[in-house]
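The next block holds one structure in the form of structure tokens; read it before the comments.
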Amino acid sequence: MEEKKQAEKILSICLLAGKIMVQSGSEMYRVDDTMTRMANASGLENVNVFSTPTAIALGIDGSSGMQLKQIKTRTINLEKVNRVNELSRKYVAGDISLDELAIKLRYIEEDVRDFPFWLQAISAAVVSSTLMILFVDEYDWVDFPISAVLGTVAFVLYTIANKKLKLKFMSEFFSSIVVGLLTVLGVRLGLGHNVDNILVGAVMPLVPGVPLTNSLRDLLESHLLAGIARGVEALLSALAIGIGIAVVLKIFL
């Protein structure tokens, strides 16, 4: 009986680590590897992990006991992924106990610290303006400042809309429409001279780069279900952005 309770405790802690990683944008193969190593270090052999972007399950061969956790929200927080990885390495190396691991994992789960919003907005401006120069392959210094401003606007609008609507794709669609309108207006007012160049930079904060990268990595690691799911999610985001921009350009250009 005690062994069964201990096994259930280990499975629960491993699932908590996996849940944090999936919610924070980790690749599925990393989630599987981390959970398996932690379970093995706890004395559980022949564990089976089933992970998707919406749920993860962990069980033991020859046992009817299996635990599952649902993933309701997903974001990008690679710092949490790194912190869980560091904890798992310490646990596997024997530097911390199982109880200490559980306490630290719960702290990471509840820790919602993030970079200040103003710093995120500045970062969006830097990303938009610099990537605009990179992708258009010319030093377009005239459109550089307006691209930075509109990239910040896109990020701020998306963040606010996502909190209100709770619909990621609609938030991206709405933000891209507003940015498209402001781009056309800015060019007509003489604040910029190339609509295409400005839009290339302005939509960069909305582009689903991490989900797309994780999708490809999961596919290469034979996580076909997770890879396809994340690929479809990234494709829908790209379509929402593209359709929003296309609607504006079709009407006003």
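For beta carbons closer than 6 Å, sequence separation of 6+ or different chains, a first residue in segment 70-89 that is touching a residue at least 24 places away in the same chain (Cβ under 8 Å) and a second that is among the basic types (K, R), the qualifying pairs are L87/K104. Taking residues in segment 94-118 that are free of Cβ contacts under 8 Å to residues at least 60 places away in the same chain, and partners anywhere that are surrounded by 11 or more Cβ atoms within 10 Å (Cβ to Cβ) and part of a loop (DSSP other than H, G, I, E, B), the pairs with Cβ atoms closer than 9 Å and at least 6 places apart or on different chains are K104/I96; D114/N77. Scan segment 108-136 for residues that are surrounded by fewer than 16 Cβ atoms within 10 Å (Cβ to Cβ) and among the β-branched types (V, I, T) and the total you get is 3. L253 meets all of the listed conditions (1) surrounded by 15 or more Cβ atoms within 10 Å (Cβ to Cβ); (2) touching a residue at least 24 places away in the same chain (Cβ under 8 Å); (3) more than 16 Å from F135 (Cβ to Cβ); (4) among the hydrophobic types (A, V, I, L, M, F, W, C) but one, namely (1). Those helices (runs of 4 or more DSSP H) of segment 181-253 in which at least 1 residues are under 22 Å from A125 (Cα atoms), among the small types (G, A, S) and touching a Pro at 6+ places or on another chain (Cβ under 7 Å), considering only elements entirely within it, cover 224-252.
Mind checking which residues of segment 143-168 are assigned to a loop (DSSP other than H, G, I, E, B) and loosely packed, with under 15 Cβ neighbours inside 10 Å?
K166, L167
If you scan segment 83-107, which residues turn out to be small (G, A, S) and assigned to a helix (DSSP H, G or I)? If the condition is that a residue be small (G, A, S) and assigned to a helix (DSSP H, G or I), then S88, A102 are the ones that fit. Residue count for segment 108-139 satisfying the condition of being in a loop (DSSP other than H, G, I, E, B) and either touching a Ser or Thr at 6+ places or on another chain (Cβ under 8 Å) or of a type outside the set (D, E) (or both): 5. Every test in (1) of a type in the set (D, E, K, R); (2) closer than 18 Å to L98 by Cβ; (3) assigned to a helix (DSSP H, G or I) is passed by E45 save one, and that test is (3). Of the numbered criteria (1) within 24 Å of T130 (Cβ to Cβ); (2) small (G, A, S); (3) modelled with pLDDT of 90 or more, the one G192 fails is (3).
From the list L199, L182, the lone residue that is in contact with a Gly (Cβ under 9 Å, 6 or more places away or on another chain), buried (at least 18 other Cβ atoms within 10 Å of the Cβ) and among the hydrophobic types (A, V, I, L, M, F, W, C) is L199. Show the residue pairs that are 6+ apart or on different chains and have beta-carbon atoms under 9 Å apart, the first residue being within segment 202-215 and within 18 Å of S51 (Cα to Cα) and modelled with pLDDT under 90, the second being acidic (D, E) and surrounded by 21 or more Cβ atoms within 10 Å (Cβ to Cβ). Short answer, once both residue conditions are applied: T213/E27; N214/E27. Does at least one position in segment 86-98 carry a residue that is touching a Phe, Trp or Tyr at 6+ places or on another chain (Cβ under 8 Å), surrounded by 12 or more Cβ atoms within 10 Å (Cβ to Cβ) and more than 18 Å from V210 (Cα to Cα)? Yes, because at least one residue in segment 86-98 is touching a Phe, Trp or Tyr at 6+ places or on another chain (Cβ under 8 Å), surrounded by 12 or more Cβ atoms within 10 Å (Cβ to Cβ) and more than 18 Å from V210 (Cα to Cα).
Against the conditions (1) within 18 Å of the chain's Cα centre (by Cα); (2) of a type in the set (A, V, I, L, M, F, W, C); (3) surrounded by 22 or more Cβ atoms within 10 Å (Cβ to Cβ), V232 satisfies every one except (3).
The values are calculated or read from the model by the stated rules, or taken from the named source; none is laboratory data. Quantities reported herein were computed from a predicted structural model and do not represent experimental measurements. Note that each Cβ is placed from the backbone with ideal geometry, even for glycine, and that neighbours are counted across all protein chains shown.
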